[in-house]
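Please read the structure below before turning to the comments.
The values are calculated or read from the model by the stated rules, or taken from the named source; none is laboratory data. Keep in mind the model is a prediction, meaning the values are calculated, not measured. Cβ coordinates were reconstructed from backbone atoms using ideal geometry, including for glycine residues, and neighbour counts include every protein chain displayed. What goes into the accessible areas is simple: the full protein's heavy atoms, side chains included, and nothing from ligands, DNA or RNA. Shrake-Rupley method; radii C 1.70, N 1.55, O 1.52, S 1.80 Å.
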Amino acid sequence: MNIKRALISVSDKTGVVELARALHSHGVEIISTGGTMKTIKEAGIPVIYVSDMTGFPAIMDGRVKTLNPYIHGGILAIRDNPEHVKAMNEHNIKGIDMVVVNLYPFRQTVAKPGVTLAEAVENIDIGGPAMIRAAAKNFNYVTVIVNPSKYPVIIEELAKKGEISQEIKMELAWEAYNHTAEYDAYIGRYLAGQLGQGKFPQVMQTVYEKAQDLRYGENPHQQAAFYREKHYTGPGVATAKQLHGKELSFNNIVDVEAAYAIVNEFSQPAATIIKHTNPCGTGTGATLSEAYAKAYAADPVSAFGGIIALNQEVDAATAGEIGNLFAEAVIAPAYSDEALAILTQKKNVRLLTAEFGKNENAIDIKKVSGGILVQDADIVDAAESDFKVVTKRAPSADELRQLIFAWKVVKHVKSNAIVVAAGDQTVGVGAGQMNRVGSAAIALGQAGDKAKGAVMASDAFFPFRDTLDAAAKAGITAIIQPGGSVKDEESIQAADEHGLAMIFTGVRHFKH
């Protein structure tokens, strides 16, 4: 038996009685503090108060109670080091072989509305992290447990072997150091906020936890994994639940995010089909099945093997249409029972549910060699009140509706981006070209005759009139763009010459 004495001091009392009872049944002497001791004692389990062991009372409102040589000497002593053993004997220090600690709930405290700085500071644990780190450092001799979910593992190990294996002790030490690092990260983030450093503090400490290993990254020779921001519970792909199908791949997740972002722009039923983060087609309609039909019809060739996103519960009619297409994944807020029965007939298609909505505090992170770029997420909506008609002709009511639709979509197309739309449907998408004329040529070419009477959206301004001339020649009647070029007047003049209506939004939507 390698455990003779255990120190238990926890804020989260989940499972602590069961653990203490198991330890006692194996002859382990239990030392504890305050509320934890009361819980264990009330369960009828013998327990020693830490102050009775140290001979020193808890002082300063409990700020100092376990910061004592009898505690830390008992934890840190190397049991087969003669000098350490001699020091223990000289000072009457007994070994502590197990430390069970979880910390004051700092993160939960500062999340409460109206919490004061003084209240937050009092929930910064000092003795707990010190004991955890000491026990983790000495994991060859001490078992450290910070997570109540690990209690059953410990109980089973004791029942089967009467001791804890070195492999488990090392794993628990790893978990302990991650636990204290995360704890300090939340404190640092909170204090940065108190100092007015805002969402871009001098030191960025964000905690992520692995959601799953992936078969590979963008390509088979790249290893990959998917991580979620720890404790995040808001809307988005990271909190989506998979109901059916194969495991998601790296590229699946990237494309699911792109698809989700587009339909999340709309309140009316909307659907999009994504390939390589760009929309093959997007549509809105009176019903979800109508919206999906428009999205599919926009580019049926490219839709094959795409990612589908829908912003309403999937019904049987829509599921039936989706079932006719080979799709990698579908993401939606929910599925009717009938829809699930239809879609689960395809064993490989990944079916996901997600909460839809905007996270007002969202940030966007892009990796570069040796660093990251951080910015606000582009969650600005198309505000009609901010639109400025800059041409002699104002758009008609229907043109305006199509312009707003196209503007919501072009925001999510790789720049340089051009979207041609008609009838609440994309009919041409030009993405990621090195110049705007090239993107327009692709979008107009894809639209073909459907460009006649359609509208065009551009994610950034036109530096020259050439794109306007090409749009007019193809039959475009109205254009929406940010404006802001030194040659805006040239573009406005071209639009007026062709009888086009044009709106400046004053907002650019580059997507690199």
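Here G128, G73 are screened, and the one residue that is modelled with pLDDT under 90, in contact with a helix residue (DSSP H, G or I) (Cβ under 9 Å, 6 or more places away or on another chain), farther than 24 Å from Y190 by Cα and open to solvent by less than 50 Å² (accessible area, probe 1.4 Å) is G73. Of all residues in segment 1-42, exactly one satisfies the criterion of being in a loop (DSSP other than H, G, I, E, B), open to solvent by less than 30 Å² (accessible area, probe 1.4 Å) and free of Cβ contacts under 8 Å to residues at least 60 places away in the same chain, namely T33.
Looking across segment 131-172 at every residue that is part of a loop (DSSP other than H, G, I, E, B) and of a type in the set (G, A, S), the one that is modelled with the lowest pLDDT is identified as G162. Filtering A406, A362, A460, A354 for residues that are open to solvent by less than 30 Å² (accessible area, probe 1.4 Å), under 22 Å from H498 (Cα atoms) and touching a Gly at 6+ places or on another chain (Cβ under 9 Å) leaves a single hit, A460.
Within segment 70-107, the set of residues being in a loop (DSSP other than H, G, I, E, B) and without any contact (Cβ under 8 Å) to a residue 40 or more places away in the chain comprises D80, N81, H91, N92, I93. May I ask you to list the residues in segment 409-435 that are farther than 13 Å from A297 by Cα, surrounded by fewer than 24 Cβ atoms within 10 Å (Cβ to Cβ) and over 29 Å from the mean Cα position of the chain (by Cα)? Matches in segment 409-435: Q433, M434, N435. When segment 188-222 is limited to residues that are open to solvent by less than 50 Å² (accessible area, probe 1.4 Å) and within 16 Å of V254 (Cα to Cα), the one that is nearest to the chain's Cα centre (by Cα) turns out to be A211. Of F200, F226, all but one fail to be in contact (Cβ under 8 Å) with a residue 24 or more places away in the chain, in contact with a helix residue (DSSP H, G or I) (Cβ under 7 Å, 6 or more places away or on another chain) and not in a helix (DSSP H, G or I); the exception is F226. Taking each residue of segment 329-351 that is among the β-branched types (V, I, T) and looking for partners that are assigned to a loop (DSSP other than H, G, I, E, B) with beta-carbon atoms closer than 8 Å, six or more apart or interchain, yields V330/V349; I331/V237; I331/A240; I331/A354; I342/G323; V349/G245.
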